[in-house]
Every structure is written in C-alpha cells, then in structure tokens.
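Notes follow the structure.
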C-alpha cells in the first residue's frame, strides 16, 4: 500500500460526533496541570485530543498543498488567492499539544498564531496563557 493511499484512508477515518466536538471546544490552555491526560482515567479524552491533533494537522497540510499547487499553476502571481488557515486553528492546535505535553509543537503552533495575528494576539488570553506556560517550560522568561 502506498503512502498516498494510506493518507487518504486516514482522512476518511477521522470523524467526530457532536459530543466529541463539544468536549474539544471546551479544552484550552487553562486546563493545563488540572487535566492530566497521561492518567488512566483520562485515556479516552487523550485519544480524542490526539485524534483532533491529527485532523488539524492534516487540514494544515492539505491547505499548504493546495496553495503550492495554485502557486505552480499561476506562474506570474496573477490574481493569486491565498488559502489561509483560520488563526484560531493554530491556537487550538497549540492548546492540544500543550495538554499532551508536547511543548515544541505547542510553541510552533502558538508562534504561527502570533505570526498571523501580530496586531491582535494580545486579545486572546488563552493564547497568552498557553504561550507563557510553554515559555516557562523552556525557561525562556526574564524577571
């Protein structure tokens, strides 16, 4: 089986119920330290968060591929449409990685949000809190 076929099958396998989406919508950086996904009683929630991360990452990859194809098809940048990822997607991805204690990926996602929302990033308090937690983890703070 080729990689392309397995990736296509992976995207078909990811479907979420309304209840799962509701649970995911309530998760953000404020649950860090309180919601311990590595505990056995939270294994279902951890699996759900991992599933959501996989889905969001596939969305980002797909959008980037579409943008690359558009750039190749329109050589002189004539009326080029930018396919953009909603900035809230980056924040949510950062929150999920933070809750999974994958700090490098959380930092990367938070930085992408900051890059896309340079003027208004300070209005999202959960972003600021999550970014602060990641910086604290890496001892990247000044007194």
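The listed residues are 98, 36, and the only one of them that is assigned to a loop (DSSP other than H, G, I, E, B) and either modelled with pLDDT of 95 or more or surrounded by fewer than 16 Cβ atoms within 10 Å (Cβ to Cβ) (or both) turns out to be 36. Within segment 106-143, the residues that satisfy the criterion of being surrounded by 13 or more Cβ atoms within 10 Å (Cβ to Cβ) and assigned to a loop (DSSP other than H, G, I, E, B) are 117, 124. Pull up segment 97-107, narrow it to residues that are under 10 Å from residue 29 (Cβ atoms) and in contact (Cβ under 8 Å) with a residue 60 or more places away in the chain, then point me to the one that is farthest from the chain's Cα centre (by Cα). Looking at residues that are under 10 Å from residue 29 (Cβ atoms) and in contact (Cβ under 8 Å) with a residue 60 or more places away in the chain, I get 99. Quick one: would you say residue 56 is within 19 Å of the chain's Cα centre (by Cα), closer than 14 Å to residue 27 by Cβ, modelled with pLDDT under 95 and part of a helix (DSSP H, G or I)? So residue 56 fits the description; yes.
Every residue, every condition in (1) assigned to a helix (DSSP H, G or I); (2) within 15 Å of residue 109 (Cα to Cα); (3) at pLDDT below 95, yes or no:
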{"site": "6", "(1), (2), (3)": "yes, no, yes"}
{"site": "16", "(1), (2), (3)": "no, no, yes"}
{"site": "78", "(1), (2), (3)": "no, no, yes"}
{"site": "85", "(1), (2), (3)": "no, yes, yes"}
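The values are calculated or read from the model by the stated rules, or taken from the named source; none is laboratory data. Since we're looking at a predicted model, the values are computed, not measured. Quick reminder, even Gly has a Cβ in these numbers, built from the backbone with ideal geometry, and neighbours come from all protein chains shown.
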